[in-house]
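The values are calculated or read from the model by the stated rules, or taken from the named source; none is laboratory data. Here the structure is a predicted model, which means the values were calculated and not measured. Every residue, glycine among them, receives a Cβ derived from its backbone with ideal geometry; neighbour counts consider all protein chains shown.
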Amino acid sequence: MNIQNLINIALNSERYSPEYKQAWRQLFQHATQIAKSVPNRDLDPVTVVDNWLADHQLYLNHCDPADDLVAGDMSCMQAMRKQQHAFLNDIREQYITALRSADNRDYGIKRRQEFLNIAKRLRKLYDEENATNITSVPFEIYEELGNSAEFEEPITDTQAYVNRLEYRESINQEPECDPDDSHYVADTTRLNRKKPRGNIGLLNGLYQQSDPEPNYQTAERRACMLRQLRSSDNPQDIEMLFALTMPTRGNQTDEQWSICVTKRRKLRKTLIQKASES
């Protein structure tokens, strides 16, 4: 185990726990070896450890896979396997309890036989659940291969450790650098009406490329909602009704549009007055 991992364990473990003591012990052992290997210099191991701690980055890098370990986050398959292990432990405890009750001489023969039957059923349930492997297969692979698709094996601790090492050795992107910000890759006219994307163009022309909100209601349900708003005795519902039914001007002249707006305002005022009186 390298120095960086030892410092991580020493700083993140519970104080005076076995892992905490073991990590600090190994750190000072490495520091003592380094101090002795430097000739003609009175080097204190404490100074070496202090230098390691000063150069150590206490917080995890942005989007580091180790964040999941610190926060206890896991995938759906990992959570299901964890639930399965907890379920197996509960079955094991109930099985042992049933066997002890079956051996208890304070119960009658019939009662002990019931406990023995319960233990047999629990043993069968444990064997069936233990033989069930919770795995997953990507939909893309299943779509290509059908029922002949091979299921993914759960990732091992060794592979997870290798993945973390590969991530740490790869280039770390700063959290302030948006990967979708084309201002940093010299492509400033992509898909945004010839305006720069990212924190320059996307925020200045916010939602210019956004699609309209989808209509989740049918025409019948919308008509029913408008009727309920019209018959409501709440003035705010009346205002909501007229806000939802705002007509478009189209090819109307200024005079025609003025007459249409005046009629709507007069009708809205009348309905609000009725709603307030009721």
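Structure values in brief
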read-out: Count of the range 7-56 residues which are at positive phi and part of a helix (DSSP H, G or I); value: 0
read-out: Residues located in the range 220-248, provided they are among the hydrophobic types (A, V, I, L, M, F, W, C) and either closer than 23 Å to residue 262 by Cα or part of a loop (DSSP other than H, G, I, E, B) (or both); value: 226, 229, 238, 240, 241, 242, 243, 244, 246
read-out: Positions within the range 2-33 being hydrophobic (A, V, I, L, M, F, W, C) and more than 30 Å from the chain's Cα centre (by Cα), in sequence order; value: 3, 23, 24, 27, 28, 31
read-out: Residue in the range 101-153 that is surrounded by the most Cβ atoms within 10 Å (Cβ to Cβ), counting only those that are within 22 Å of residue 78 (Cα to Cα) and at pLDDT 80 or above; value: 126
read-out: The range 246-262, residues that are surrounded by 10 or more Cβ atoms within 10 Å (Cβ to Cβ), of a type outside the set (A, V, I, L, M, F, W, C) and at pLDDT 85 or above; value: 256, 258, 262
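So that you can scan it fast, the table gives a plain yes or no per residue for (1) modelled with pLDDT of 80 or more; (2) of a type in the set (A, V, I, L, M); (3) under 20 Å from residue 164 (Cβ atoms):
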| site | (1), (2), (3) |
| --- | --- |
| 15 | yes, no, no |
| 19 | yes, no, yes |
| 23 | yes, yes, yes |
| 34 | yes, yes, no |
| 38 | yes, yes, no |
| 61 | no, no, yes |
| 69 | no, yes, yes |
| 80 | yes, yes, no |
